[in-house]
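Encoded as structure tokens, the structure appears first; notes follow it.
The values are calculated or read from the model by the stated rules, or taken from the named source; none is laboratory data. Source: prediction; values computed, not measured. Please note: Cβ atoms are built from the backbone with ideal geometry, for glycine as well, and neighbour counts cover all protein chains shown. Accessible surface is based on the protein model in full, side chains and every heavy atom, while ligands, DNA and RNA are left aside. Shrake-Rupley method; radii C 1.70, N 1.55, O 1.52, S 1.80 Å.
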Amino acid sequence: MTRENNCLNAAKACNLNDTCKKYRSAYISPCTSRVSSADVCNKRKCHKALRQFFDKVPPKHSYGMLFCSCPPSDQSACSERRRQTIVPVCSYDEKQKPNCLELQASCKTNYICRSRLADFFANCQPEPRSLSGCLKENYADCLLAYSGLIGTILTPNYLRTPKISVSPFCDCSSSGNNKDECDKFTEFFAENTCLRNAIQAFGNGTDVGVWQPMPPPQTTPPITTPQQKNRERGSPNAIDNSLNVDNSIYHFCGSLQAQKLKSNSSADGVLCVDPLVDGRETSNAIGNSAVRRWSPPSLGLLPPLLWLSHCTRAIL
């Protein structure tokens, strides 16, 4: 059974997109043109064209070529094509491997490389306690920061290893007393779980924004407009429904206080009692906290003498 080469498909998709095809051709030419018998290419022009490719081409196509997924069993055709995306013979390889700390120091003297390296450190910071593996929980920012390094003196590329692992073209062989510092620098690339998870998520089709932090829950009470209050007051069941649940009563009364009403009685006659101030049992507070203002019963249903009795009490 022949396995599908996702990286080859990504390259074909790029050729079908005018923007991707244009900027890909723009970096293929300087990155593959030999300028002399000693130099295989003009590295400066190659790097500049690569930066333009990742700056101008939509991520759907540029990331599709750079972060395409390859099955673990396919480390020849698919993985090698992914590694060749940036034309490493020109943009990556050197005759001799420089020391990684020296390469980092050279990067910091260039404002483009310096700012993009800082972005990479900030947005691809691993966090072992995070489900995503990233401190910032944002795969998209990490992939953007990584691709921003391509075309700088610190251009990284895939290593020929079974797992996803990247590194600039450098080593720590001549670091002396700074060997530990150098190892930490290289491990941030080669052993970065945040970056590895982000690349796998994109290659597998996972939404790169899935680890966006969730906004905090709303803690402030909702604002009631005058139109909403009028509709609520006009509803015959608005107050009756609030009597069935304890918290609804207190919420209703709290809303009236929030509206800065000087009286603790609402327009339809509900008296509000603060249970914390009242200090009585909850059942008693509920019983006394929602008392309707007295209104005389229908006069047609009362005998005349009883009607007179009501009228006399009302006058008194």
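Things to note:
- Meets criteria (of a type in the set (A, V, I, L, M, F, W, C) and over 27 Å from PHE53 (Cα atoms)) for LEU131: yes
Residues checked against (1) in contact (Cβ under 8 Å) with a residue 40 or more places away in the chain; (2) of a type in the set (Gly, Ala, Ser); (3) open to solvent by 50 Å² or more (accessible area, probe 1.4 Å); (4) touching a Leu at 6+ places or on another chain (Cβ under 6 Å):
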{"residue": "PRO71", "(1), (2), (3), (4)": "yes, no, no, no"}
{"residue": "ALA118", "(1), (2), (3), (4)": "no, yes, yes, no"}
{"residue": "GLN125", "(1), (2), (3), (4)": "yes, no, yes, yes"}
{"residue": "GLY148", "(1), (2), (3), (4)": "yes, yes, no, no"}
{"residue": "THR152", "(1), (2), (3), (4)": "yes, no, no, no"}
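- Considering residues of segment 21-59 that are part of a loop (DSSP other than H, G, I, E, B) and within 27 Å of ALA140 (Cβ to Cβ) only, the residue most open to solvent (accessible area, probe 1.4 Å): PRO58
- LYS12 being open to solvent by 60 Å² or more (accessible area, probe 1.4 Å), among the basic types (Lys, Arg), in contact (Cβ under 8 Å) with a residue 40 or more places away in the chain and in a helix (DSSP H, G or I): no
- The residues in segment 94-105 that are surrounded by fewer than 14 Cβ atoms within 10 Å (Cβ to Cβ) and within 21 Å of ASP39 (Cα to Cα) can be counted, and the count is 3.
- Against the list (1) modelled with pLDDT of 90 or more; (2) under 21 Å from ILE86 (Cα atoms), the condition LYS163 fails is (1).
- The numbered conditions (1) among the hydroxyl-bearing types (Ser, Thr, Tyr); (2) touching a strand residue (DSSP E or B) at 6+ places or on another chain (Cβ under 9 Å); (3) in contact (Cβ under 8 Å) with a residue 40 or more places away in the chain; (4) surrounded by fewer than 22 Cβ atoms within 10 Å (Cβ to Cβ) are all true for SER165 except (3).
- Some residue of segment 168-183 being open to solvent by less than 10 Å² (accessible area, probe 1.4 Å), of a type in the set (A, V, I, L, M, F, W, C) and within 27 Å of the chain's Cα centre (by Cα): no
- Residue in segment 128-147 that is assigned to a loop (DSSP other than H, G, I, E, B) and in contact with a Lys or Arg (Cβ under 8 Å, 6 or more places away or on another chain) present: yes
- Any pair with Cβ under 6 angstrom, 6 or more apart, that starts in segment 88-114 at a residue that is in a loop (DSSP other than H, G, I, E, B) and ends at one that is surrounded by 14 or more Cβ atoms within 10 Å (Cβ to Cβ) and among the hydroxyl-bearing types (Ser, Thr, Tyr): TYR92/THR155
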